[in-house]
Amino acid sequence: MPPGKILQPVLKMKVDELFLCWLSEAGTQRMLQDCLRRIKAPPRDQPATGDVELPAAPPATPRSSGLDPPGTPGPGPALPLGAACSPRNAPHARGTRRSAGTRVVQTLKQEPLRPATSQSIPTFYFPRGRPQDSVNVDAVISKIEGTFAQFPQERATMDDMGLVAKACGCPLYWKGPLFYGAGGERTGSVSVHKFVAMWRKILHNCHDDAAKFVHLLMSPGCNYLVQEDFVPFLQDVVNTHPGLSFLKEASEFHSRYITTVIQRIFYAVNRSWSGRITCAELRRSSFLQNVALLEEEADINQLTEFFSYEHFYVIYCKFWELDTDHDLLIDAHDLARHNDHAISTKMIDRIFSGAVTRGRRVQKEGKISYADFVWFLISEEDKKTPTSIEYWFRCMDLDGDGALSMFELEYFYEEQCRRLDSMAIESLPFQDCLCQMLDLVKPRTEGRITLQDLKRCKLANVFFDTFFNIEKYLDHEQKEQLSLLRDSDSGGPELSDWEKYAAEEYDILVAEEAAGEPWEDGFEAELSPVEQKLSALRSPLAQRPFFEAPSPLGAVDLYEFACGDEDLQPL
């Protein structure tokens, strides 16, 4: 994709999708089969004579069937001529055309009219959910009015919206969207009349949870969600969820956590890469199920798909290590230091080319933001998800033709060979490497690898690491291909590569914090104000036991006497 070009949805793909939905309906298939049977069956009524060709123009009366000689003057001979051809081709008397038209209309009235084809096509597209007849709107409104009657002056504040959400039949943490959707941020409270009017309109127009959620958070005049629309909802989660109570004091980190969660939402939900989440995308994702789990799960770290604080902590610490000037922006030199320069410089340049980033800052200043880094880190550590495969495919597709050519593969592999030679490791010739990768991916078209080929392949991570990640490439080379397939085929609720990485990195960070990391000269480093805040954020989680106690210690609780960071001594 050229730098700066905004991603646009393809209209033809949407039309094809709607056509397939219509074609898959049972009623549509029955209608088509009936039409085919009627086409194959011979017509029931055959005309008696061959003089009449058009059913809309019946033959004239018997008296004008040719009894008069053709040279007889007067209007009489014009009648059989008009019957044998189209009435438009006979420029005769006006009354003659009128009488013929009257006969045609009378004849058509006697024939049964077939229903229009559009009337027999059932509705198959429901952008706001399939309507349900079982919803009793009046009963729901009555329950909401009873809940508002408990509040002073029948006005609900943000603290009261939990009861209102339950009265609406919504999960608890819909209280923020409900409050802001009814205009509560302007006055600090919501009246019963305004809320009932808003919710009645939603019940009539939105017929499933995805449509209701989008309607509550979207901006006026839109039918989709952008990143800024999630901020009020997530701010309420930060303020009220028990698993994030320790984050209340560090308000400057609220925006960092919210930014991380928003990027993870768009990473998993916005499959079109448009920057706009539609009802259909939200309906196909598991985001609303995770929102419902916020009420049931007190430990926010158990919700690893979007809301985990531990995952946020790992991402932010990794970004902080690379952002040496701490301006929340990193350039290509900073990003190249990730994982000890494991990623090739050619791939780093492609990331900064605008192929997988939004905004014009990359093109103007050559820097990416923390939001872009979230996408990079998740894609780098888990190359098996559809979004990560699309991420790296965009980077490797140099000409943007939708396929990886052998030239593009050789372009990235050349640097891998040079790096292996510098490490005194013999590199595999490109032709041999290419044969291995083609056997691995098994593309349907010879000489080109498409995105669908990589998504069908269960070892897309091995393919990508071979061309731009030297460390992981060497790790894969040490494993047999059978073991890699065995790991990818293992069933059950196994942790994803990203969840494994985040858990391991978080344990390392907590262990480093507990150890104090003394400097080589025996003196501890003086923490900057931001690092002090990070240390304060780590302390509530650092006191949790993450490791099993060694057997010689028996049942001794290593964290029994742990207090604050000031009481911890270096080991």
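In table form, for the structure just shown:
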| item | result |
| --- | --- |
| Residues of the range 267-291 that turn out to be in contact with a helix residue (DSSP H, G or I) (Cβ under 7 Å, 6 or more places away or on another chain), over 30 Å from Asp334 (Cα atoms) and in a helix (DSSP H, G or I), as a count | 7 |
| Count of residues meeting criterion [out of contact with any Phe, Trp or Tyr (no Cβ under 7 Å at 6 or more places or on another chain), hydrophobic (A, V, I, L, M, F, W, C) and assigned to a helix (DSSP H, G or I)] in the range 377-435 | 10 |
| In the range 340-356, the residues that are closer than 22 Å to Gln263 by Cα and touching an Asp or Glu at 6+ places or on another chain (Cβ under 9 Å) | Met347, Ile351, Phe352, Ala355, Val356 |
| Of all residues making up the range 180-198, the number that are in contact with a strand residue (DSSP E or B) (Cβ under 8 Å, 6 or more places away or on another chain) and either closer than 15 Å to Val291 by Cβ or small (Gly, Ala, Ser) (or both) | 5 |
| Residues (part of a loop (DSSP other than H, G, I, E, B), at negative phi and open to solvent by 60 Å² or more (accessible area, probe 1.4 Å)) located in the range 292-326 | Glu297, Ala298, Glu305, Thr324, Asp325 |
| Among the residues listed as Glu471, Glu446, the single one being loosely packed, with under 14 Cβ neighbours inside 10 Å and either within 17 Å of Gln416 (Cβ to Cβ) or in contact (Cβ under 8 Å) with a residue 24 or more places away in the chain (or both) | Glu471 |
| Of residues in the range 212-224 being in contact with a strand residue (DSSP E or B) (Cβ under 8 Å, 6 or more places away or on another chain) and closer than 13 Å to Tyr180 by Cβ, the one least open to solvent (accessible area, probe 1.4 Å) | Leu217 |
| Candidate set: the range 262-277, residues that are on the phi < 0 side of the Ramachandran plot and aromatic (Phe, Trp, Tyr); chosen: the one most open to solvent (accessible area, probe 1.4 Å) | Tyr267 |
| Single residue of the range 20-46 satisfying the filter (of a type in the set (S, T, N, Q) and in a loop (DSSP other than H, G, I, E, B)) that is modelled with the highest pLDDT | Ser24 |
| Residue in the range 231-239 that is open to solvent by less than 60 Å² (accessible area, probe 1.4 Å), more than 30 Å from Met13 (Cβ to Cβ) and in a loop (DSSP other than H, G, I, E, B) present | no |
| When residues of the range 243-261 are limited to those that are touching a residue at least 60 places away in the same chain (Cβ under 8 Å), open to solvent by less than 20 Å² (accessible area, probe 1.4 Å) and in a helix (DSSP H, G or I), the one nearest to Tyr391 (Cα to Cα) | Thr260 |
| Only one of Leu420, Leu404, Leu377 that is open to solvent by less than 20 Å² (accessible area, probe 1.4 Å) and closer than 27 Å to Ala503 by Cα | Leu377 |
| Residues within the range 144-170 that are more than 19 Å from Gly188 (Cα to Cα) and within 31 Å of the chain's Cα centre (by Cα), tallied | 5 |
| Candidate set from the range 278-291 (those that are closer than 15 Å to Ala211 by Cβ and of a type in the set (Gly, Ala, Ser)); member that is surrounded by the fewest Cβ atoms within 10 Å (Cβ to Cβ) | Ala280 |
| Filter result for Ala165 (open to solvent by 40 Å² or more (accessible area, probe 1.4 Å), modelled with pLDDT of 80 or more and not in a loop (DSSP other than H, G, I, E, B)) | no |
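Here is a yes/no grid of residues against (1) more than 30 Å from Ser285 (Cα to Cα); (2) touching a residue at least 40 places away in the same chain (Cβ under 8 Å):
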residue: Phe373; (1), (2): no, yes
residue: Glu381; (1), (2): no, yes
residue: Tyr391; (1), (2): no, no
residue: Asp399; (1), (2): yes, no
residue: Gly402; (1), (2): no, yes
residue: Leu420; (1), (2): yes, yes
residue: Ala424; (1), (2): yes, no
residue: Val441; (1), (2): no, no
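The values are calculated or read from the model by the stated rules, or taken from the named source; none is laboratory data. The structure presented is a predicted model; accordingly, all values stated were derived computationally and were not measured. Here Cβ is always computed from backbone atoms with ideal geometry, including for glycine, and neighbour counts include all displayed protein chains. Calculation scope for accessible area: heavy atoms of the full protein, side chains included, ligands and nucleic acids excluded. Shrake-Rupley method; radii C 1.70, N 1.55, O 1.52, S 1.80 Å.
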